[in-house]
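Participant: Take a look at the following structure, please.
What follows is calculated from the coordinates using simple rules that are stated; it is not laboratory data. Owing to the predicted nature of the structure, the values given are computational and were not obtained by experimental measurement. Note that each Cβ is placed from the backbone with ideal geometry, even for glycine, and that neighbours are counted across all protein chains shown.
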Amino acid sequence: MDAKLIREKFIHFFQNKQHQLVTSAPIVVKNDPTLMFTNAGMNQFKDYFLGNETPKSLRIANSQKCLRVSGKHNDLEEVGVDTYHHTMFEMMGNWSFGDYFKKEAIAWAWELLTEEYGLEKDRLYITVFGGDEAEGLEKDQEALDLWKNWIAEDRILYGSKKDNFWEMGETGPCGPCSEIHIDIRPEEERRAVDGKTLVNEDHPQVIEIWNLVFIQYNRMANGSLTPLPAKHVDTGMGLERLVRVIQGKFSNYDTDLFIPFIRKVEELCGKKYGKDEKTDIAFRVIVDHIRAIAFTIADGQLPSNNKAGYVIRRILRRGVRYGYTFLGFREPFLYQLMDVLADTFGEVYPEVKDQKSFISKVIEQEEASFLKTLENGLKKLEQITSGMGKHSDKVISGELAFELYDTFGFPLDLTSLIARENGFSVDEKGFQNAMAQQKDRSRSAAGLETGDWVILQDAGEVNFVGYEQLESTAKILRYREIKDKKGKQYQMVLSQTPFYAESGGQVGDTGIISNERETIKVVDTKRENDLIVHIVDKIPQFPHLEVHCEVDQDQRNLTMNNHSATHLLQAALKQVLGGHIQQKGSFVNREMLRFDFAHFAKLSEDELEEVESLVNEKIRENIALEELRSVPIEEAKSMGATALFGEKYGDFVRVVAFDREFSIELCGGTHVSATGKIGTFKVLSESSISAGVRRIEAVTAEKAETFIREQMQLLKEVQHILRNPKNIKKSLEDLIQERNELRKAIEQLQLKEANHLKNQLSTQFADMGDFRLLSVLVKLPNADALKKLAFELKNEQERIVAVLAADIEGKPQIAVVISEELVKEKEYDAGKIVRELAKEIKGGGGGQPFFATAGGKELGGLPSVIELAKKLFSKRQD
Ligand code: SER
């Protein structure tokens, strides 16, 4: 069975058991402050478990792209070193939302594994939750009893909270779990050591393949567990491990999911996989990491310097670093795996195939710039170990090891290895401390601290009424306190709301929520999974009173102009530059709009002008908004509506069009009723934000007017300064030309003056016996003139020493020049001399034996320089 068939069989099996197939959610999580990346199949169903939303089906199955590289579930350090952990992996799962429970989940798991996939029953072991006293949780006798129907009791083990109580993060849905493990060791080894003793002992051939979680609790921010309104099933089976087991391989990397990648890396580096453990680890790291990188970029997350973007950047760097050190890559190589990736996954996950060339360009550029950084990191380490640093105790500090890890992508083992080779050791404890500190920092940066909700009423489906109206009444359903960088704030959820929650690049609404007793300010509105959360300035004192909601109309209208203009801009870009234009980011607020899109060249002036004109033309056409709600997603797509990669769409979507032939998009944002309202569209800038991604910033309506007015005003002022010429452009050009001519004339004058000065000085040398000395004060326009004068004196005169104490526009400088023959004969050294003289002007300098200069702070010291120079040389004469 190949991986594709194995994936399909899973889905079919559960479809036959009335499960609805759901597509994978994006790998990058939006609208959930507790998560950066999807780390389990159940993430997208979090609100179903919590009872915040009604599930669209009580039984669901899918195959989900997951990434476990941050937060509670982080396997990064194991990846490549072992043969069965991954950064990105596919998790197949089946879910019951308050429908079936343990009995069916267990029976079906057994049936699928042993009958459909044909796994040998006597290689399987089961773990069930053994209870936890501190949490007040009983052992899962029910699961144990159910398993006894299928497997001998002595193959069922009780497990601890660590292994058998599953939680998605610090807070959220959770529950006891039952895992299925398999022992794939050869017969002989199995006879020698009982497989049961190796379960959960990190044995590479005795591994967990499927986790059945019985979701029953919500972990609260205060650490307690609250029972959920219903009991649910959440199961997860890593496709890569299952494929390995079914295909009878000892490593996930020997399956058809990875072999094509390994062959490609072999071809690129000329080395073979399976020859040496060190290079094998590098192979595994690379073929694992390229998946995480490509899938994340495909879902819209570009490598960057913060949050999710930084995590991806570090994974990419880890891959490059292994390739560099162990496989000899010196040029970008990861991007060359994109063909294989698109072939392997394109059918199931079209986003990687459709964006292949974009993803590979982004990766290539990122690799190229990291390769430079990497060489610097290696140099840094070499410098220290070769004794040039100040690490005389022969220990590399934890902070430095961490910096190398964090900035340059060096894992601790590599730093230790290089250190050991040079007789150094690494402060590993210090490294771990620095790492823990960073984790703390990123935790508080990623997740704001939230208190637990005070729930007045269950949420159910929250109704957004803000497409039609900006005011409404509502009940308060829940509220809580939060702390973020801005300090203490509060959040509130209402039974219905006209406030638009930030999404699709459009900022959240602000406004007022009030009742007869109090007025609460809404400073922002955000989504948290499927809840609309109002960020407010105080906690409601009378939470049971009905409230009146009022959106700040001005802000909303201005924001709407910009959002609709963004749609027109996207359509215009497609028309002018081509159909490849794809949104990579967008942001609109009351002030402006920003649109990022994939395109590989800077827009020419003409192109930009054409785009701007086209948008303005569409504004003047005053095209009416066509808004369709609850369109089945497939129908919307066949209408030609643009969908975004990395966006999570439901089965029914909203379609926004301004002339279907021109602009039609899937969009939840708020828009003008007709394009004429936008007034004017003006581009402010066009730039590059990363490889292959351009950014346009623009303004509309009054802002555009203001911008144009300010530009006109500026022009007027310039005209005024130029004394109101008829033709400003010509007048400016004349001015510049005149300035250039004047500059040339001044330079000639200066030259003449310098010549004159030089001639004068030539007569002022004092005879010192076998050489001549000049020590004088000069006034010069710049340092170059001083240098020039010194060299001319040296070239024209023989056997001289000249000390020029210069006043350069009020700053003291000294130049000392000495004829070569004197340098040789008398071992004079201009560098030494100038340093001595510079003390008189409180400065320093240096140079070569025949020419040196110094600068200083004290202009008044120049006469002493002259005197000192005379003294120094008359002494030498003696
Ligand atoms: N949520 C569980 C896990 O990720 C089962 O899907 O292991």
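Participant: Please tell me the relative contact order of region 100-224 in percent, rounded to the nearest whole number, where contacts are Cα pairs under 8 Å and at least six residues apart. Kindly include the intermediate steps, with their values, before the conclusion.
Facilitator: Details: 188 pairs, mean separation 33.4, N = 125.
After rounding, I find 27 percent.
Participant: Add +1 for every Lys or Arg and -1 for every Asp or Glu among the other residues with Cβ under 12 Å from the Cβ of R556, and state the total.
Facilitator: On the way: positive: R590; negative: E471, D509, E550, D552, D554.
Cβ neighbours under 12 Å give a net charge of -4.
Participant: Have a look at G847, N74, I512 and report the one farthest towards the positive end of the charge dipole of the chain, computed about the Cα centre with Cβ charges (Lys/Arg +1, Asp/Glu -1).
Facilitator: Towards the positive end, the residue furthest out is G847.
Participant: May I pose another question? Would you please give the residues with an amide H less than 5 Å from that of W210, counting only those at least 5 places away or on a separate chain, with H modeled from the backbone geometry?
Facilitator: Distant-sequence amide H within range of W210: I180.
Participant: Still on this structure, I have one more. Could you list F214, F597 so that the one with the fewest beta carbons within 10 Å of its beta carbon is first and the one with the most is last? Could you put the intermediate results ahead of the total?
Facilitator: Numbers: F214 26, F597 21.
Listed from fewest to most nearby Cβ atoms, that is F597, F214.
Participant: If the only charges are +1 at each Lys and Arg Cβ and -1 at each Asp and Glu Cβ, what is the size of the charge dipole of region 480-560 around the Cα centre, to the nearest 20 debye?
Facilitator: Working: 11 positive and 14 negative charges, 74 e Å.
So the magnitude is around 360 debye.
Participant: Can you list residues from other chains, or at least 5 along the same chain, whose modelled amide H is less than 5 Å from the amide H of V778?
Facilitator: The list, which skips near neighbours in sequence, is A805, A806, D807.
Participant: Full-extension gain between K870 and K439, please, as 0.36 nm times their residue separation minus the C-alpha to C-alpha distance.
Facilitator: Values: separation 431, 0.36 × 431 = 155.16 nm, distance 6.58 nm.
Value of the extension gain: 148.6 nm.
Participant: Additional query: So, in Å, what gap is there between the alpha-carbon centers of region 1-32 and region 823-861?
Facilitator: For region 1-32 versus region 823-861, the Cα centre distance is 78 Å.
Participant: Using a Förster radius of 51 Å, what is the FRET efficiency between S688 and A152 based on their Cβ-Cβ separation? Nearest 0.05, please. Write out the running numbers ahead of the final one.
Facilitator: Working: r = 64 Å, r/R0 = 1.26.
Result of the calculation: an efficiency of 0.20.
Participant: Sum up the lysine pairs in region 93-185 that clear both bars: alpha-carbon distance under 15 Å and a spacing of 8 or more or different chains.
Facilitator: Final tally of qualifying lysine pairs is 6.
Participant: With labels modelled as points extended 7 Å from the Cα through the Cβ direction, what inter-label distance (nm, one decimal) is found for F464 paired with H720?
Facilitator: 4.8
Participant: Would you mind checking K46/K72; K30/K526; K17/K56; K9/K231 for any pair whose Cα atoms are more than 19 angstrom apart? Walk me through the numbers before you get to the answer.
Facilitator: Working: K46/K72 16 Å; K30/K526 11 Å; K17/K56 16 Å; K9/K231 27 Å.
Beyond 19 Å: K9/K231.
Participant: Could you tell me how many degrees, from 0 to 90 and to the nearest 10, lie between the Cα long axis of helix 783-796 and the main elongation axis, the longest principal axis, of the Cα atoms of the chain?
Facilitator: Around 50 degrees separate the two axes.
Participant: In whole angstrom, how far apart do the alpha carbon centroids of region 216-280 and region 690-710 sit?
Facilitator: Using only Cα atoms to place each centre, the spacing works out to 46 Å.
Participant: Quick one: putting +1 on the C-beta of Lys and Arg, -1 on the C-beta of Asp and Glu, what dipole do you get for the chain around its Cα centre, in Debye to the nearest 20?
Facilitator: On the way: 116 positive and 138 negative charges, 564 e Å.
Around 2700 debye, computed over the chain.
Participant: With the dipole of region 196-266 worked out from charges on the C-beta (+1 for Lys and Arg, -1 for Asp and Glu) around the Cα centre, which of L212, L225, G236 lies farthest toward the positive end?
Facilitator: The one lying farthest along the dipole's positive direction is L225.
Participant: Next question, about the same structure. Over the Cα atoms of region 600-754, each weighted equally, I'd like the Debye log10 I(q)/I(0) at q = 0.09, 0.10, 0.16, 0.19 Å⁻¹, rounded to two decimals.
Facilitator: -0.53, -0.61, -1.10, -1.26
Participant: Set Lys and Arg Cβ to +1 and Asp and Glu Cβ to -1, take the dipole of the chain about its Cα centre, and tell me which of L777, Q553, S425 lies farthest positive.
Facilitator: L777
Participant: Please check which bits of region 585-621 a label hung off D554 would reach, taking the label as a point 7 Å along Cα-to-C-beta and the cut-off as backbone N under 17 Å.
Facilitator: Counting backbone N atoms under 17 Å from the label point, the list is 589-592.
Participant: Provide F165, F681, F258, F600 in ascending order of the number of other Cβ atoms located within 10 Å of each residue's Cβ, fewest first. Don't skip to the end; give the middle numbers.
Facilitator: On the way: F165 23, F681 29, F258 26, F600 13.
Fewest to most other Cβ atoms nearby, the residues stand as F600, F165, F258, F681.
Participant: Next question, about the same structure. Points 7 angstrom from Cα along the Cβ direction at E827 and S425: gap in nanometres?
Facilitator: 4.9
Participant: Reachable lysines from K361, Cα under 19 Å, same-chain residues fewer than 8 places away excluded?
Facilitator: Result set, ordered by chain and number: K264, K353, K372, K584, K602.
Participant: If the limit is 27 Å between Cα atoms, which of K826/K870; K779/K826; K574/K730; K439/K488; K839/K875 go over it? Display every interim value, and only then the final one.
Facilitator: Working: K826/K870 17 Å; K779/K826 30 Å; K574/K730 38 Å; K439/K488 23 Å; K839/K875 19 Å.
Pairs exceeding the cut-off: K779/K826; K574/K730.
Participant: Among W147, W453, which comes first, then next, by fewest other beta-carbon atoms within 10 Å?
Facilitator: Values: W147 24, W453 19.
So the ranking, lowest neighbour count to highest, is W453, W147.
Participant: Based on the Cβ-Cβ distance of E747 and E809, what FRET efficiency does E = 1/(1 + (r/R0)^6) give at R0 = 22 Å, to the nearest 0.05? Don't jump to the answer; show the numbers that get you there.
Facilitator: Details: r = 16 Å, r/R0 = 0.73.
Efficiency, rounded to the nearest 0.05: 0.85.
Participant: What is the antiparallel percent of DSSP beta bridges lying wholly in the chain, to the nearest 5? Mind showing how you got there, number by number?
Facilitator: Numbers: 127 of 150 bridges.
So the antiparallel bridges in the chain amount to around 85 percent.
Participant: By its C-alpha gyration tensor, with a ≥ b ≥ c as the square roots of the eigenvalues, how is region 142-230 shaped: rounded for a/c under 1.5, else prolate for a/b larger than b/c, else oblate? Walk me through the numbers before you get to the answer.
Facilitator: On the way: a/c = 3.39, a/b = 2.02, b/c = 1.68.
The shape class here is prolate.
Participant: Treat every Asp and Glu Cβ in region 192-254 as -1 and every Lys and Arg Cβ as +1, leave all other atoms uncharged, and give the resulting dipole magnitude about the Cα centre to the nearest 20 debye.
Facilitator: Values: 6 positive and 7 negative charges, 45 e Å.
Dipole about the Cα centre, nearest 20: 220 debye.
Participant: To continue, here is another question. In whole percent, what relative contact order does region 604-718 give with Cα contacts below 8 Å and a gap of six or more residues? List each step's numbers first, then the result.
Facilitator: Working: 147 pairs, mean separation 27.3, N = 115.
Relative contact order of region 604-718: 24 percent.
Participant: Moving to a separate point now. Just to verify a number: FRET efficiency for K139 and E187, C-beta to C-beta distance, R0 = 25 Å, to 0.05?
Facilitator: 0.15
Participant: With label points built 7 Å along Cα→Cβ from the Cα atoms of D651 and K307, find their separation and express it in nm.
Facilitator: If labels sit at D651 and K307, their model points lie 3.1 nm apart.
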